[in-house]
1. In segment 126-135, is there at least one residue being in contact (Cβ under 8 Å) with a residue 12 or more places away in the chain, surrounded by fewer than 23 Cβ atoms within 10 Å (Cβ to Cβ) and part of a loop (DSSP other than H, G, I, E, B)?
2. When you scan segment 30-41, do you find a residue that is modelled with pLDDT of 95 or more, among the small types (Gly, Ala, Ser), closer than 20 Å to Ala139 by Cβ and part of a strand (DSSP E or B), even just one?
3. Just the residues that are out of contact with any helix residue (DSSP H, G or I) (no Cβ under 8 Å at 6 or more places or on another chain) and either of a type in the set (S, T, N, Q) or part of a strand (DSSP E or B) (or both), please, taken from segment 147-168.
4. Quick one: Arg57 ticks every box in (1) basic (Lys, Arg); (2) part of a helix (DSSP H, G or I); (3) crowded, with 21+ Cβ neighbours inside 10 Å except a single one, so which number is it?
5. Collect the residues in segment 42-54 that are over 11 Å from Val11 (Cα atoms) and crowded, with 17+ Cβ neighbours inside 10 Å, keeping them in residue-number order.
6. Kindly indicate whether Pro111 is surrounded by fewer than 24 Cβ atoms within 10 Å (Cβ to Cβ) and either touching a Ser or Thr at 6+ places or on another chain (Cβ under 6 Å) or at positive phi (or both).
7. Being hydroxyl-bearing (Ser, Thr, Tyr) and modelled with pLDDT of 80 or more is the filter; apply it to segment 139-188 and report the residue that is nearest to Ala52 (Cα to Cα).
8. Looking at Leu151 and the list (1) more than 26 Å from Ala46 (Cβ to Cβ); (2) in contact with a Phe, Trp or Tyr (Cβ under 9 Å, 6 or more places away or on another chain); (3) of a type in the set (A, V, I, L, M, F, W, C), which single condition is not satisfied?
Amino acid sequence: MPYDLVAVGDVMLDGALPALLVGGRVHGRIELRPGGSATNAALAAAHLGARAAVVGRVGADAAGRLVADALTAAGVEPFLARDEQVPTGCVVVVGGTSIVADPGASARLAPGDLPETLEADAVLVSGYSLLQPGPEAAARTAFERARTDLLAVDAASARLLEAFGVDRFLEATAAATVLLVLVLGMTTAAGSPDDLGRAGRTLARQCSALVGTAVGPWPGSFYTAPLATVVLAGLVLAGWRCAARQPNPWWPASGCWWPSPWPG
C-alpha cells in the first residue's frame, strides 16, 4: 500500500476575508488555500509525516491549478479530475463568522473520476459528497473500491444528515469500519439544540453500540471544538502507520496508482 491515507470527496479553494464595513473600504489580509473536508484530512495527515492522497474534482481553471499545486507542495498527492464546464468550488469566510459556499465542480464528482481501486491503510469518504445528490454515486463507489483495513466516513452536517435520512445513511455506510460523527462549527453555530438533537438522537438510538446509550440533544456549538479535535486526532493517528510499515515489493517503484490529469 503506497499511502497511509486516501481521502475522497470535496476539494475546494478556501478564502478568508476580514470583516466588511458596509459602504466602506477595508484593508486587511486575504488568504487563499486548499479546502474541503477530504482535502483538510489529507493535509493534516501529511503534516504529521503520513503519505496522503486526495481524490476529487476541480474546475479546469486557475483556482483548480492553485489547489493542485498547493497540495503537492504540502506533500499530498492530488488525483483531481478537471471539469471543463464548472469552476472549482470555493468557500469564503468573511470576518471569521459569515460563510459563502459554492460547491462548483466538487458537486459533480462522478464514479469515473475515481481510480479502479482505492488502496491505503485508511480511506476516508467525505460526508459532504455522500449526503448530496450530485456526488453521492461517487461516494458509494468509493466504498466499493476501497481496499483498506480502515474505511471511514464522516457525517458532515447534522442538517444534511437529517435531510438524507439516518436509515439511508446507515445503509450507505454499512461497509465502513469507522463512523465519524462530525458536528461542524458552521452548522452548530447556526443550529438550535433541537435542530441538531433530532438527527443526533436518532443516530444515537440506532448506533448505540458505537456512541453509547445517551439520547439527549447535542446543544449547539458547545461540543464543536472538543468533537472536532478528537475526531481529527483519531483520523490522523488511524491513518498514520508509515513508521511501522515495510516497503511493498509488489508495488511499482514510482508508487503511482492513477495517472494525474494535470499536464506536466
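The values are calculated or read from the model by the stated rules, or taken from the named source; none is laboratory data. A quick note: this is a predicted structure, and the numbers were derived from the prediction, not measured. With ideal geometry, Cβ positions are generated from the backbone for all residues, glycine too; neighbour counts draw on all protein chains shown.
1. yes
2. no
3. Hits for segment 147-168 are Arg147, Thr148.
4. (2)
5. Leu43, Ala44, Ala45, Ala46, Ala50, Arg51, Ala52, Ala53
6. Taking the combined requirement at face value, the residue satisfies it.
7. Here the residue is Thr148.
8. Of the numbered conditions (1) more than 26 Å from Ala46 (Cβ to Cβ); (2) in contact with a Phe, Trp or Tyr (Cβ under 9 Å, 6 or more places away or on another chain); (3) of a type in the set (A, V, I, L, M, F, W, C), the odd one out for Leu151 is (1).
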